[in-house]
Amino acid sequence: DQTLSDLTMSDPLRASLYAFNLIQKKRKKVEGAPKAALARKVGKVGVVGAGLMASQLALLLVRNLKCPVVMTDIDQERADKGVAWVKNELAKLVEKKRMSAESAGRLSLLISGSADQNVFAGCDFIIEAIFEELLLKQELFKKLEKIVSPECILATNTSSLSVERMGEGLEHPERVVGFHFFNPVAIMPLLEIARTSKTDDATTATAVNIGKELKKTMIICKDAPGFVVNRLLTRFMGEITDAVDEGTSPEVADNAMRSIGFPMSPFELLGLVGPGVGLHVAETLHENLGPRYRISPTMQAMVKEGIKTFYIKSEDGSVVANPAAVALIHKGDTPSTAEQVRSRALKALAEEARMMLDEGVVSTPAEIDLCMLMGAGWPMHLGGILPFLDREGISDSVCGSRFHPAGVASLPSK
């Protein structure tokens, strides 16, 4: 009985229950969502791009919406390659007995590809997953507007660019919305829906309805640089890379957060998303949010030299630091201890989260917790990032107050 009592009165249990209840609640009800009755019917979907991310989106859409999905790319060969990838993934599901051959056959008939964007005529929802260049996306949306109906939603999977600016010059900017998935698309449960100042309720309601059909957990956020997850992760990653650039050994900096229980270290995450993507997001946030998002010379050098990962497998199968990456480290002369790296990274997260709430990126601390749990792998037993920062006393020291009242994901005394 005493053991059970001790467990009940522990922070880990209360934190885990908070995280579990939060996820269950937000799956059913999306904060700030317009009335569901405003959602338009979606009978045909377009995907601009046929690379890996676009192909993953096409597979998810055709599997769950079960309607025609058309993909386009700059030439027919690329479009055909994307369609072939989707059909091959459907075949794998049949092999694994996760889908019947009949179902896979029906879905395969619904997916098609073309180099001609006129195939998007009749689409109700189009999502772009092309190169992260604002001018390209603006030109694309202007072309699409001449092809589709005024009600067709134009969605972007951008990770950091301004959704509002993508709609500049359009006759119907109210149809433009951010629809940001995480990689791998089929596995990561979070979907960030970003509203611009012009996005209307019908567009948002339709986006939310599609997200539900795709079985995603959603948050609706303001169109702000990096939305929620990338803004926080990039600030966090920046503190780690800054420490290395200042002279901290990569091993010390990368392992400083291990005790928290992340599914992977910062440099392992960098290898997953790619240094090129990481650098692009950091540059975008630096440009829009200021010098607290510093540009790492080590990251720049890795991208310039085409180094994709900080870690590689050695001949005996163990994971070791990539000598090519280590050789590019900008070596400063002010190293930090692991505790100093941990402290600066957590303080940066608290500062950024407070700024995001003050700016209205999301309306509640719970939405930030949800995003980091479902989009960044924040450990469930910690109950979300903000309760953790509250319990550690970091919220008070950095922001002057807690994010949550005492007793939320913690004992009342904490």
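Summary of values
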| read-out | value |
| --- | --- |
| Residue list for region 188-224, filter: in a loop (DSSP other than H, G, I, E, B), of a type in the set (A, V, I, L, M, F, W, C) and under 23 Å from Leu357 (Cα atoms) | Ala224 |
| Residue in region 26-43 that is farthest from Asp200 (Cα to Cα), counting only those that are at pLDDT below 95 and surrounded by fewer than 13 Cβ atoms within 10 Å (Cβ to Cβ) | Lys28 |
| Of all residues making up region 285-303, the number that are in contact (Cβ under 8 Å) with a residue 40 or more places away in the chain, more than 14 Å from Val229 (Cβ to Cβ) and part of a helix (DSSP H, G or I) | 5 |
| Check on Phe227, touching a residue at least 60 places away in the same chain (Cβ under 8 Å), crowded, with 23+ Cβ neighbours inside 10 Å and in a loop (DSSP other than H, G, I, E, B) | yes |
| Condition met for Leu140 (of a type outside the set (Lys, Arg), touching a residue at least 60 places away in the same chain (Cβ under 8 Å), assigned to a loop (DSSP other than H, G, I, E, B) and out of contact with any Phe, Trp or Tyr (no Cβ under 9 Å at 6 or more places or on another chain)) | no |
| Scope region 167-190; condition surrounded by fewer than 21 Cβ atoms within 10 Å (Cβ to Cβ), in contact (Cβ under 8 Å) with a residue 40 or more places away in the chain and of a type in the set (Gly, Ala, Ser); matching residues | Ala186 |
| Subset of region 188-232 (residues that are among the β-branched types (Val, Ile, Thr) and more than 24 Å from Glu283 (Cβ to Cβ)) | Ile193, Thr199, Thr203, Thr204, Thr206, Val208, Ile210, Thr217, Ile219, Ile220 |
| Residue within region 35-52 that is in a helix (DSSP H, G or I) and touching a strand residue (DSSP E or B) at 6+ places or on another chain (Cβ under 6 Å) present | no |
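Each row is one residue, and each column tells you yes or no for (1) touching a Phe, Trp or Tyr at 6+ places or on another chain (Cβ under 9 Å); (2) surrounded by fewer than 16 Cβ atoms within 10 Å (Cβ to Cβ); (3) outside the structural domain of Met264 (by TED's automatic domain parsing).
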site	(1), (2), (3)
Thr298	no, no, no
Glu305	no, yes, no
Tyr311	yes, no, no
Asp333	no, yes, no
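The values are calculated or read from the model by the stated rules, or taken from the named source; none is laboratory data. No experiment lies behind these values; they were computed from the predicted model shown. All Cβ positions, glycine included, derive from the backbone under ideal geometry; neighbour counts span all protein chains shown.
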